Amino acid sequence: MSLRRLPDGLINRIAAGEVVERPAAAVKELVENALDAGARQVDVSLRDGGRAAIVVQDDGRGMTPEELDLAVERHCTSKLDGDDLVNIASLGFRGEALPSIGAVARLTVTSRASGANEAWQIAVEGGAKGEPAPAALPKGTRVEVRDLFYATPARLKFLKQPRTETQHVVDAMQRLAMAHPHVGFTVKEGERTLLRLPSADGELFEARLTRLSGVIGREFAQNALAIDATREDLRLTGHIALPTLNRANAQMQYLFVNGRPVKDRLLHGAIRGAYQDLLARDRHPLVALFLACPAAAVDVNVHPAKAEVRFRDPGLVRGLIVSACKHALAGAGHRASTTVGEAALGAFQPRQGPQAGGGGGAGPSYAYRPAQPYSGGYAGAGMAEAAAAYHAPLPGLDAQPSARAEVEPDAAAQAVAEGAVDVTAHPLGAARAQLHENYVVAQTGDGIVIVDQHAAHERLVYERMKSQLAERGVARQMLLIPEVVEMDEPAAERLAARAGELADLGLVIESFGGGALVVREVPALLGEPDVQGLLRDLADELAELDQTLSLKERLEEVCSTMACHGSVRSGRRLTVEEMNALLRQMEATPYAGQCNHGRPTYVELKLADIEKLFGRR
């Protein structure tokens, strides 16, 4: 076959395949044009998921007949200053959206320029352009796309069901709406309104949180931490959720660069780094972050759909995100998300109808609405017998356990009455009882708090271990009788190869030959840990870590494993003083609202909600 030039129609359809991969891509391009035109209201209508029809109408500046004629030609744009491809300040700039859509669909554009007496309309069908003609439109621009991909029927075969394509459109609109809270958005499918986001009032931070509440949900707004940080010429703003509000995937992580929604591995990796010692590896936080930077510091021309960006200094960007998020999370102290308490209250709410798999009675039932199950490496639950006999001391407290499985309510009440602990003076209140040798019940000024003693103390030990390591190295204590641990040879070899780094973390081991190790010293903070279980968990941890990284670079994972073995176990009886000391330390420790695996350390129930359960209000 000889070399030849492709016809213009085929060239346009090939270009359209890069820009318009599905109806949502067409909607995104058209809405970005509307936003660049200064629109304050954007309305989108769909039929058949966008295949049959897409209509995007805005109240922006509009176009003159001459501009309308150029708008449907390839590479015609008003958004570039000369030939400068570096300082790009608009969402769209290539001049490909309208001609690409017109190459594969039946396109009609109606527009009325600001201050003009009449509107004009132009039609493009399968790449064939008509002439501008007078039309009726009060203001702004209306773009109608019919029979998307009729000119490239092969592309239609790869589209999903209408409901799926519609959801992609809604998702694209939500992302654009979050970046522009002062603009109103609606999406309709036939007569159904799928999305209605009125323009938010107030300054940017307030308006943005209102918009995020409308998109991500009310619970995000209730549990969001504000972010506002600068580094050199970068500024990061937005909101991130408390760690105890998380999801099983990263779909609710919204990232924006100069108002442009992006999906960037660098940014997602930075978020994971900020939360890495607060969440289990299979859980993901909810965030909405907006990065503002000089146009010359970011390349938005990497991807045809402008979904990816490239930074001039990626290390600076990552450092800003990690430090800003960590600072906000540390500032939250012991705070846990309100969803933890709501889930607990849901366990008491009456449900009508039979339980799934139950006997089928018609009376009211009480269904527990569990939070997402934890699937991380929590060692305490499978060690009930060992835990019952194990009594690790709380730092700075008497190590002797209470002789009672729970505190007598009268004794606790007397201690409070005598002024030992003022329930109104501390956020987590005063200890009143210990239930099932694992849960501390405290009375606050306006409710009660239930603390998981193992999860809470695990966080305290972990933070203290990190602090010690950063300041002077972890203090060690020598075992009176060195303990020999036998395991499979590969696991023993992994640990022996990292013996020097483990010694820096307070754990001194030596190879004992034939798949055995001898433990001579342990971190002093761990008290009297289960050495056998500790080494086996560390060996598993090393098997999962990147072997090219040092343990200090993966400090959080290793310290977390050690802290789990050094914390107060389920089954440990605590005195009133120990319980109150645990509460006070939680209040003074960053991230104390969740353990190292992301599980909540306590549940708070407000008195007003409890009274509602009993019909008292």
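The values are calculated or read from the model by the stated rules, or taken from the named source; none is laboratory data. This structure is a prediction, so every number in the text was calculated from the model and none was measured. Neighbour counts are summed over all protein chains in view; Cβ atoms, including those assigned to glycine, are modelled from backbone coordinates with ideal geometry.
Tabulated results
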read-out: Members of segment 34-77 found to be of a type outside the set (A, V, I, L, M, F, W, C), in a helix (DSSP H, G or I) and either more than 29 Å from Leu156 (Cβ to Cβ) or touching an Asp or Glu at 6+ places or on another chain (Cβ under 8 Å) (or both), listed by number; value: Asp36, Gly49, Gly50, Pro65, Glu66, Glu67, Asp69
read-out: Search result, residues across segment 136-175 that are in a helix (DSSP H, G or I), in contact with an Asp or Glu (Cβ under 6 Å, 6 or more places away or on another chain) and of a type in the set (Val, Ile, Thr); value: Thr166
read-out: Filter result (closer than 21 Å to Pro23 by Cβ and without any contact (Cβ under 8 Å) to a residue 60 or more places away in the chain) within segment 131-159; value: Tyr150, Pro153, Ala154, Lys157, Phe158
read-out: Which numbered condition Gly315 fails, given (1) touching a residue at least 40 places away in the same chain (Cβ under 8 Å); (2) part of a helix (DSSP H, G or I); value: (1)
read-out: Enumeration of residues in segment 188-203 that are exposed (fewer than 15 other Cβ atoms within 10 Å of the Cβ) and in a loop (DSSP other than H, G, I, E, B); value: Gly190, Glu191, Pro198, Asp201, Gly202, Glu203
read-out: Matching entry among Phe256, Phe185 (being over 28 Å from His334 (Cα atoms), crowded, with 16+ Cβ neighbours inside 10 Å, in the same structural domain as Glu29 (by TED's automatic domain parsing) and not basic (Lys, Arg)); value: Phe185
read-out: Residues satisfying the stated conditions in segment 204-223, i.e. buried (at least 16 other Cβ atoms within 10 Å of the Cβ) and touching a helix residue (DSSP H, G or I) at 6+ places or on another chain (Cβ under 7 Å); value: Leu209, Arg211, Leu212, Ser213, Val215, Glu219, Phe220, Ala221, Asn223
read-out: Pairs with Cβ under 7 Å, 6+ apart, first in segment 211-239 and closer than 20 Å to Arg175 by Cβ, second assigned to a strand (DSSP E or B) and of a type in the set (D, E, K, R); value: Thr237/Asp228
read-out: Those strands (runs of 3 or more DSSP E) lying entirely in segment 230-312 with at least 2 residues within 24 Å of Tyr591 (Cα to Cα); value: 234-241, 253-257, 287-292
read-out: Total residues in segment 122-135, condition in contact with a Lys or Arg (Cβ under 9 Å, 6 or more places away or on another chain) and either over 13 Å from Val72 (Cα atoms) or assigned to a strand (DSSP E or B) (or both); value: 5
read-out: When residues of segment 416-468 are limited to those that are of a type outside the set (A, V, I, L, M) and part of a strand (DSSP E or B), the one farthest from the chain's Cα centre (by Cα); value: Arg432
read-out: Filter result (in contact with a Lys or Arg (Cβ under 6 Å, 6 or more places away or on another chain) and of a type outside the set (A, V, I, L, M, F, W, C)) within segment 255-300; value: Pro261, His284, Asp299
read-out: Failed criterion for Arg208 (all others in (1) assigned by TED's automatic domain parsing to the domain that holds Glu29; (2) in contact (Cβ under 8 Å) with a residue 24 or more places away in the chain hold); value: (1)
